[in-house]
Structures are given as C-alpha cells and as structure tokens.
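Read through the structure below, which is laid out as structure tokens, and then see the notes.
The values are calculated or read from the model by the stated rules, or taken from the named source; none is laboratory data. Since the structure is predicted, the reported quantities are computational estimates derived from the model, not experimental observations. Cβ atoms come from the backbone with ideal geometry, glycine included; neighbour counts cover every protein chain shown. With ligands, DNA and RNA removed, areas are computed over all heavy atoms of the protein, side chains included. Shrake-Rupley method; radii C 1.70, N 1.55, O 1.52, S 1.80 Å.
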Amino acid sequence: MVKLTIDGMRIRALEGATVLEAAQEMGIVIPTLCHHPGLSPYGACRVCIVEVGKGDRRSLEASCTLPVEHGQVILTNSEKVRKQRKLIVELLIASCPNSKTLQDMAANMGINRIRFRIRDRGCILCGLCVRYCKEQMKSGGIGFTGRGTTRMVATAFEVTPEECRNCGGCEWICPVCERACTAGNLIDGLCGGCQNLAPVETCPVCTGCSESVGPHGYKVY
Amino acid sequence: MPRSANKIKSQCQKVAAIVSKCGGDRDSLISILQDIQSEYRYLPEDSLREVAIQLELPLIQVYGVATFFKAFSLKPRGKHMVTVCLGTACHVRGALAMLDEVKRQLGIESGETTEDMRFTLETVNCLGACALAPIVVIDGKYHGHIGPGKVKKILKK
C-alpha cells in the first residue's frame with residue numbers, strides 16, 4: 001500500500017494505481033474526457049490535471065497517467081488547477097464546439113467565453129475510439145493517421161477494414177459524436193443552452209445542499 | 001494468368017523476402033517499410049497489406065506508421081527527388097523565386113511528380129545548412145547557393 005495525501009485527506013492506495021483511480025476511490029471527482037475504466041490510460045485530453053508536490057516545488061500533471069507514490073501531496077481543485085483546466089477545456093471547445101459533453105463541462109466549470117478562434121475539426125483526438133476498438137473489441141479497425149495538424153482517426157486507405165464488426169462502439173464511446181450539441185449558433189463559442197436548462201442531479205444520498213453537484217455528478221466549480 | 005495478377009504475386013514474394021530479411025519481427029516494421037520504399041520508391045497499397053498479413057498486425061497500424069513519417073510516401077515518386085529548402089535563411093536569400101523556377105522547369109507543383117516519373121518535387125522547412133542558402137537537394141546531394149539561373153543547369157544533370 002502507498003500512503004499519499006489528496007486534497008488534505010491522508011489515504012492509502014494500491015501500488016501501481018494511478019492518482020485518478022485513488023481519488024475516484026475516495027469519492028473525489030476529477031473531470032476527465034479520455035479516461036475510461038475499461039481502457040488503458042492515455043493522457044490525451046489533459047482535463048484531469050492535478051497539482052503535485054510540496055511547498056514551492058509544485059507541478060501540474062495529468063492524474064490519469066500519474067502513478068501513486070509515497071508521500072505525494074496532491075491538490076485536485078486548487079486555484080491554479082482550475083485556471084489551467086478551464087484553459088484546456090476552452091482549447092478543446094475551440095477545436096470541437098459541437099460536443100455536448102464538452103459544452104456541459106464548460107458550463108460546470110463556469111467558462112463563459114472561448115478566447116480562441118473556433119475551428120471545428122469534429123475530433124479532440126482523445127483516442128477513446130481507437131483504444132476501444134483495439135482493447136475491448138480486439139479488432140484494430142481504426143487508428144491514428146498522419147501527425148501534427150493533419151493527425152486524425154481514420155481507417156486504412158479510407159475503406160472499412162475486414163476487422164470491423166460494425167459494433168458501433170467507437171461512436172458510442174466518442175465524447176463528440178455520442179451526444180452532439182444541437183445549438184444553432186454559439187455565443188462566444190458556448191451554446192449556453194445546457195448552462196441554463198441542465199437538470200440538476202442529486203447524489204444517491206441527498207442532504208439537500210442542491211448546489212454541490214451539477215449534471216452527471218460533476219462538481220460545480 | 002493476367003499480367004497484373006502476376007505483378008501482385010511477385011510483389012508479395014518480394015515483400016515476404018524483405019520481411020524475413022528483417023527478422024520477421026513486429027519491432028522492425030519501420031526498417032521493413034524503409035526497404036520496401038527503397039525497392040519501389042514508394043509504398044504500394046498491396047505491399048502494406050502484405051506486410052500487415054506477414055507481421056500479423058492490423059492494417060491500420062502499418063498504415064499509421066506509413067503516414068506518420070514524412071520519409072514514407074503512399075504516392076508513386078519519381079526517379080529523382082528534388083527537395084527545395086524554404087527555411088528562414090533560404091527564404092531571405094530568395095528560395096521562393098528559385099522554387100518558382102524549379103516548378104516552371106518541371107511543370108509541377110510541390111509534392112507532385114512529373115508525368116514521365118523522372119522528378120518529384122518536395123519542400124522542407126530547414127535542412128540545417130543555412131550557410132549554403134538557398135539550397136536544393138537532388139537525390140541526397142546538396143547544391144548550395146542556387147539562384148533561379150542555375151536551376152536549369154543542375155536539373156539537366
């Protein structure tokens with residue numbers, strides 16, 4: 001067992017576990033896009049960043065790929081983390097404004113403007129579909145092609161490969177095409193609809209606070 | 001047997017020979033692709049399919065590697081590679097005018113190949129030989145201080 005501190009709580013985690021897993025076990029919510037419990041950690045979206053270290057020596061790391069260590073001190077919701085997380089979600093929305101998952105996340109984080117030029121690429125390259133196809137379906141029909149600005153998810157030679165069983169898992173797991181945002185025009189890059197109309201879900205054990213939990217159980221920041 | 005089928009069969013045998021020469025290991029995928037590229041000057045679609053079968057890899061993995069590296073081409077390349085540097089130093093010393101002259105001489109845009117399959121034109125962002133700017137590389141040989149006037153002469157060779 002490894003002893004570490006997350007948000008002031010002294011906890012014990014299994015050796016080899018990631019900080020994200022340890023936090024989730026303690027009921028601490030760290031928002032994430034590219035993490036899925038059934039798939040290998042990938043660290044692509046960077047939304048799950050946390051502050052690691054002691055005193056002045058602090059750094060931001062993606063918690064989904066960060067293994068737990070003895071004596072680690074972790075802050076999952078500090079001022080610095082919140083600021084950087086907002087920036088990351090803004091950048092993701094700028095490349096993918098029609099994702100309801102992303103728009104919901106922005107609403108939860110209190111983002112009220114996207115400061116970057118919006119270029120809809122329809123993909124945030126989180127790799128969920130590629131990992132799902134490879135690891136869960138044992139298929140490997142889709143993958144990344146190209147690199148840099150031309151990197152994208154595709155099939156080889158743009159034909160449906162023999163390996164594809166039409167399971168639809170890649171669409172199901174995708175944070176963009178799973179639930180497309182249907183808002184017609186975006187104001188400052190945000191649709192605004194969910195921000196106002198999102199149903200507030202309650203925790204399994206409701207204490208009536210009504211403010212700490214937003215849609216889908218995310219903490220309201 | 002029709003001629004095209006024959007061609008594909010010999011291609012498969014060649015690919016199989018290259019794969020076994022490189023040890024038939026998945027880790028040597030890049031060196032296998034390099035050998036195929038030096039054999040055909042590009043990576044034919046059927047050869048990639050054959051590599052995937054031989055190495056028991058999903059085709060997309062082979063395709064992903066082939067599209068990731070700029071050294072690999074999926075389109076047929078000409079006999080001679082003409083690479084024009086458009087880095088900062090070359091740009092300042094008139095690489096654009098020289099590139100226009102190369103395009104005019106060959107009658108192609110960058111990234112294209114002449115119809116007689118003799119030349120392929122490519123641009124790069126810096127070759128690290130800024131002292132020789134503006135620079136053209138033809139089949140791995142560096143030609144420095146090339147103005148638009150000298151282009152015709154070196155392309156003739």
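Summary of values
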quantity	calculated
Output for region B:21-49, where each listed residue is open to solvent by 80 Å² or more (accessible area, probe 1.4 Å) and either at pLDDT below 80 or over 25 Å from B:Glu112 (Cα atoms) (or both)	B:Lys21, B:Arg26, B:Asp27
In region B:117-139, the residues that are of a type outside the set (A, V, I, L, M), part of a loop (DSSP other than H, G, I, E, B) and in contact (Cβ under 8 Å) with a residue 12 or more places away in the chain	B:Arg118, B:Asn125, B:Cys126, B:Pro134, B:Asp139
Filtered residues of region A:115-167 (kept if closer than 26 Å to A:Gly38 by Cβ, open to solvent by less than 40 Å² (accessible area, probe 1.4 Å), assigned to a loop (DSSP other than H, G, I, E, B) and within 8 Å of chain B (Cβ to nearest Cβ))	A:Ser139, A:Gly140, A:Gly141, A:Pro161
Complete set of residues in region B:97-109 that are in contact with a strand residue (DSSP E or B) (Cβ under 8 Å, 6 or more places away or on another chain) and either under 18 Å from B:Gly147 (Cα atoms) or buried (at least 18 other Cβ atoms within 10 Å of the Cβ) (or both)	B:Met98, B:Leu99, B:Val102, B:Lys103, B:Leu106, B:Ile108
Region A:63-78, subset of a type outside the set (Gly, Ala, Ser) and part of a loop (DSSP other than H, G, I, E, B), residue surrounded by the most Cβ atoms within 10 Å (Cβ to Cβ)	A:Val68
Some residue of region B:136-150 being more than 30 Å from A:Ile142 (Cα to Cα) and either assigned by TED's automatic domain parsing to the domain that holds B:Val15 or among the hydroxyl-bearing types (Ser, Thr, Tyr) (or both)	yes
Residues of region B:85-96 classified as open to solvent by less than 50 Å² (accessible area, probe 1.4 Å) and either farther than 19 Å from B:Lys70 by Cβ or in contact with a Pro (Cβ under 8 Å, 6 or more places away or on another chain) (or both), total	5
Any pair with Cβ under 7 angstrom, 6 or more apart, that starts in region B:57-77 at a residue that is more than 8 Å from chain A (Cβ to nearest Cβ) and ends at one that is open to solvent by less than 30 Å² (accessible area, probe 1.4 Å) and not in a helix (DSSP H, G or I)	B:Ala66/B:Leu43; B:Ala66/B:Phe72; B:Phe72/B:Leu43; B:Ser73/B:Leu43; B:Leu74/B:Leu43; B:Arg77/B:Thr120
